[in-house]
Each structure stands twice: as structure tokens, then as C-alpha cells.
1. Grab the other residues whose beta carbon is less than 15 angstrom from that of A:LYS235, score K and R as +1, D and E as -1, and report the net.
2. Please give the peptides A:175-182, B:332-339 ranked by average Cβ packing (other Cβ atoms within 10 Å per residue), highest first, as a rough proxy for protection.
3. Hey, how many Å between the Cα centroid of the range B:152-208 and the Cα centroid of the range A:68-85?
4. Picking from B:VAL345, B:VAL263, B:VAL146, which is most flexible by a Gaussian network model of chain B using Cα springs under 10 Å?
5. Bin by bin, in steps of 10 Å, what percent of the Cα pairs in the range B:99-152 do you find, going until the bin that has the longest distance?
6. Once phi is turned into ³J(HN,Hα) by the Karplus curve 6.51 cos²θ - 1.76 cosθ + 1.60 with θ = phi - 60°, what whole-Hz value does each residue of the range A:219-230 show in order, with x for glycine and proline?
7. Express in nm, to one decimal, how much length is gained between B:ASP246 and B:ARG83 on full extension, taking 0.36 nm for each residue of separation and deducting their alpha carbon distance.
8. Mind scanning B:LYS35/B:LYS164; A:LYS166/A:LYS379; B:LYS103/B:LYS179; B:LYS95/B:LYS167; A:LYS200/B:LYS95 and naming the pairs with a C-alpha gap bigger than 25 Å?
Amino acid sequence: MDQEKNAYPGESYNWFTPFNILTAIVLAVGLVLTILRFTQGIGAVTNLDNNNPWGLWIGFDLLCGVALAAGGFTTSAACYIFGLKRFHSAVRPAILTAFLGYALVVFALHYDVGRPWKLPYPIFVSQGTSSLLFEVGLCVFLYLTVLFIEWTPAAFEWLGFKGLRKMVVRLTLVLTIFGVVLSTLHQSSLGALFMIAPSKLHPLWYSGYLHVYFFISAIFAGLSMVIFEGTMAHKWLHDKMDDTHLAEADGVAFGFAKAASFIMMGYVGIKIIGLAVDNNWHYLGTGWGAWFLVELIGFVLFPAILYSAGAREKNLKLVRIAGIWTVLGIVLNRFNISMIAFNYHLPDADRYFPSIPEIGTTIFIVFVGITAYRFITAKMPILYEHPDYKDEH
Amino acid sequence: MAISRRKFLGCLTAAVGATTGVGSLAHAASNKAFKGYPDSFGVLHDSTKCIGCRKCEQACNEVNGLAKPEKPFDDLKVLEERRRTDEAAYTVVNKFGPTVFAKTQCNHCQEPACASACFVKAFKKDKTGAVIYDESLCVGCRYCMVACPFNVPAYTYNDPLTPKVTKCTLCHPRIIEGKLPGCVEICPKEALVFGKRADLVKLAWKRINQAPGHYVQHVYGEHEMGGTSWLYLSGIPFEQIGMREDLGTTSAPQLTSGALASVPIVVGLWPVLLTGVYAIAKRKDKIAKEEQDTAVKDAIDQATEEMNKQLTQLKDKMTKEQQTAVANEVKKALEEAAKKAEEEVEEAAKADTPDAGKEDE
């Protein structure tokens, strides 16, 4: 890979591309919303109320953010623990996305909680160990640290700190195992958060297995995000990739498609077991039941079949469509549990729908992530290998 | 090494202490049920006696120093709409039908969902029975509001710097001074009775049994969500006075104890399992590499052998050919020599024919 191709855009770089202009507008609006949020209060920018304490910022920024950042632990586990070395070139982008994803989750929480400067309290001041949210908080805090360390070799290569890099690379296996343990815990605990409210979540979504569902769905969410990001990166960051990355990319997509399809079929199975265990079959005939089937068949079973067909026929386009579809399915599932099927018993007037500034803030946070990703992939060896460390593995 | 009797007993005490400690910690997942603090207080709300005068709302407002509402407390038109507790009202009375009223406030659960859900222990079930909130710890995640099955806690969403959760305190500061909660003290119809919860349960059942036709045969709060410090009596089904009858009797901490219990198991087992998977994968790679190496070596050996064989054959062949060639050459040479000799002989014979006899001599 020649260095000129990766060099940070110099004077000749055209800053005024449509996407850059859009980014600038979104970031500017986000800044205004941020000022509003912190000077006028949560009530001024959101539709949250006493019956609906959690809205889009938890439903999307936290629940979807964490689930979709699961690509980090799944990819690194596949490569370093299961020994599937052909996925090696996918690890760095996945770790970077996971790190940025978690960093943004924490960033977004600063908007949602009432007194964000107290966010360290659950860990350092008063530990509410009976709370699943404590479990989530502790794991996210630790995992963010792990992801940061896992990401540092890229930064060290960029900066030329060979000794430090070598030290961190030696920790790879331990960090990966730690990452899988922490991910298992907080991915599942996010689902278990809702187990305390059986009277508020519709029985089709409430289950004693909620934590298992969240963990399993996070795995295929992560795999699908890696495929989805690959699609995006190939479209927009093709010039940043080296031959190894390009050569392995299709194999990664097909391998992940096969794995995702398999896991999704298993997920459909345990969801049906959940229906049987709680004897919730009769709800399937109701409107909620139809909506539940849209989620389970339309957004899990269907993309799982697309995945398997795509992997079998080596049809990259099909795999990519399945990837986006699955990601949307995860978002739908998390929305259902946190917002749509939550408080299902309340009269329509008391139900929640996010406000425009709430949606704007969420879009702002997504764009902060995209901008950071573009900056880092432009500067650091993420989509290509640094020439000095090429033959190390 | 000698161990004194005193030391031994000391160790024993410590060991017993440790096991009892562990025992009490483990009780969340055991079959023991927490029955609440002994002698804790509660309030019995007999909704059949409530006349919807809103005096309790007024007293609550004053006792807690809350903002004055737009409409005065003697404006009973407020009762026409369904209201819930919020930052300006820790208790509200709602109207259900022409003469049926019911009061809502924090029920002060025996095992509160809010306290179980709080990740900074900002909620505490006090031994008086009150569930107390500590604003100084609260981060404002509002998980307590998600967790509360009665939808009681409210949040001051419009306060940018010091937002907090608000809810009834059971007038905890007044109780420890020996006073009654504000609402109980002011109630003109004795629809509210303050006392020890255990006594109130008995009182409630006594009232039901004395006038079975007057009451629904159920003391709401006796078992709901593991029991609450506030107890309710009603003349019509509780569902019709805005109280959910589908909450069950499982306390909130029990709902999540299973998921929480899986945490240490994952921490303990996952590293073992994953290291095992890693070792197997690595060993498979190693064996594959060994097999490959052996195969390559075998192939090379075989190829070398083959080559040697071919070479030998070639050599043999060549030697043979050479030999044949030499033999041929020799033969040729001999033949030629013989021929030459013959010719010479013939020539000589020709030349010496006359003297043939001489030669032979």
C-alpha cells in the first residue's frame, strides 16, 4: 500500500462534498440541541414524561448502539479464539466500530440522564449491586476500556510507538476473552433490565429468557453490522483498503452470513420455545401478535433465509441486503421492547412518540460516530496493514 | 504447631459468622421470603369512606413544601380528569363513578422495585416502612420509574441542573418525630388509618368480615408485588378504581434475581470455556500444520526416491547403451580389423601366389 493513497487529504482535497456539507449541518444543529438540552432541561427537548421515562435515547442510542457494536467481540472472538484467521482483516474495523459505538453510547447517556456528571457514581461512589443497570454500567465501563486498549495498536502504529504496540499485541488473547465475558454480561443484562417490569411490557416480548434473547440477537446483530459496514466502507473508503483487506472481504461477508443465518435460525427456535413456556400462543391472534410475527418472521427468519441463500450461492448482493435487513430487525426488536410494546396497556394519549429534537439529537450522535470513523480510517492503519508490521501474524 | 482452645473457638465463631453472612446474602435466590421489617408502619386506605374532598392533597402539598397548584384544592372539578402523581403532587385522588374515589401515592413496597432497580442505592426501605429517596446520589437514569409497577415516581424534567425523582416519603421526617403523615392527619372521614402494617392487615380483614357485602374480599397490597406498606379496601373491583390486579405476588427483586445470578457463573465459566476453545483451535492448527509438514516431507521423500530410481534406471540404461555402443564399436572395429586382415591376407595371397609355396615353408 503506498503511503500517498492513505495520506490525509491535503490542499487538493475537496471539503465541499455533499456528504461533508450534510455532516456540517447535522453537527451544527446537534450543537444547538445540546445547548438547549443542558440549559433548558430534558423536558424542553424530549417527549419523555412520568409514564414514559425512557424514550428514543435509551431505545436507540443505548439499546441499539450496544447491540450493533457487538461486531467487535464477535469478530475478535472468531479470529483470535476460534482461530478463524481468514477474518483477520475484519478485526480492526470491527474493533474500531465497537469502540466508537460504545463511546457514543456513553456520550449519548450524558444527554439522557438527569445529572450526567454523576455517571461515575454507580462505580465509584455508591454501588447498587442489586440493579441490572449497575451490571450494565460496570460492564460497559470495563468493556469500553478493553476496546480502547484493543484499538491502541492502530494508534501506536500511526504514531510509531513500536514498544508499546508490541506490549498491547501480546495481550490480545486475554483482552479478547475479557471482551467476550463482558459482552455476554452486558448484552444480556440490557434485556434483563426489562424483566423487572412484567406488568408494563407486552407478554409476547416479556420473557424469563429476555437476557438470553438479547445476547443471542446481539451476536447476529454484530455479525450483520460487520457486513453492513463492509458494504459502506467498500463504497466510500475503497481507496483506504489494502490488497489483503480487499481479497479477504468477500470471504468475511460469506463466512459471517453463514454464521448469522445459523444463529438466527436458533434464535427463532428459542423465541418459539419462549412462546411455549409462557403459553402465549393465544396472543398471536391479536394485533400485537401480528406485529410480533412481523418482527420474528419478517425481520429474523426472512433475512436468515436470505443469508443462507446468499452464502450458498456466493451472492454478495444478497448477503448485503440480508445484512441491512437484519440490522433493521434488531432496531425493530429493541424499539418494540423499550417503546412500542412497553406501556402497551396505557391509553393512546399517554403513549410516547419521540420529539423532533430527540430524533435530531440521535441523528447528531450517529453523525459524530461516522465523522470519527472517517477521521480514524483516514489516518490510522485500520483498513490496511501498516507496512512495518505486515508479516507479524 | 499448637492451637489454643481460645484460638480454635475464635476461628469457629468467625467461620459461623461467615457462613451466616453468606446465608443471608444468598437469600434472594432461596426459598425464604422477606416479610418486611417487624413493626414497620403503613396506612390503610378504605376507599369506601373517601369522599374526594382533596384535603389530603392539600396537606401533602403543604407538608412537603410543594409549589401551589393553579387550581385551588377546593376546586373539585379537577377530579373529573384522571391524574397521576408528579413533581407537584405526591398524592392525587381520582374519581371513579359518581361516588367512588381512590387515593394514589407511593405504596412503599416491602421489597421496592425502585430500590432494587437503582444502580446507586438512592432508594432505601427504612425500618419505619418508608421508602426513602436520596437526591444526592441520584444520577437521573429513571430506571426506578421503569421498574415501579404502580407508576408512582415522577421526574423534574424541566430542571436543567438539579433534576430529581419525586415521590411520597410516607412523611418519614414526621413519623420519626412521632407525628402522623400529613394526609392521614387531615382526613375528615377516617378513610386513612396509620399504624403498624401487621395490625392494619388484621384491621382490614376485620372490616371485610364484618361487612362482607360492603367490600371486595381482598386487601390490596397485602401480597401485591411481595406486599406494600399501603393497604387498600374497596367496594368495587380494584381494577375499576385504577389499580392493576395483574401484578402478581412476586417481589421485584425476585423478578431479576435469576438474571443477576447468571452473572458470576458467566464470569467463572466463560474464560474456562473460551480458553478451551482457543486451545482446541490452536491444537487443530498445530496438528494440521504437522500433518501438512509430514505430508510435504513424505511427498518430497517419495519424489526424491522416485527421482533416484529414475536416475538409477537412466544410469543403467545409459551404461547399457554405452556398453552396447562400446561393444558395437569394438565389434565394428574387430570386424573392420578382421576385414582388413582378410583383405591384407588376400592381397598378400594375390601378390605371393607364385611364391605361395615359399611362404608356406
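1. +1
2. Ranked by mean Cβ neighbours within 10 Å, highest first: A:175-182, B:332-339.
3. 53
4. B:VAL345
5. Spelled out per bin, shortest first, that is 24, 52, 18, 6, 0.
6. Coupling constants for the range A:219-230: 5, 6, 5, x, 4, 5, 5, 4, 5, 5, 5, x Hz.
7. Result for the pair: 56.6 nm of gain on full extension.
8. From the list (B:LYS35/B:LYS164; A:LYS166/A:LYS379; B:LYS103/B:LYS179; B:LYS95/B:LYS167; A:LYS200/B:LYS95), the Cα-Cα distance tops 25 Å for B:LYS35/B:LYS164.
Read-outs throughout are calculated quantities, based only on the coordinates presented, and are distinct from any laboratory measurement. Treat the numbers as computed from the prediction; the structure is a model and nothing was measured. Quick reminder, even Gly has a Cβ in these numbers, built from the backbone with ideal geometry, and neighbours come from all protein chains shown.
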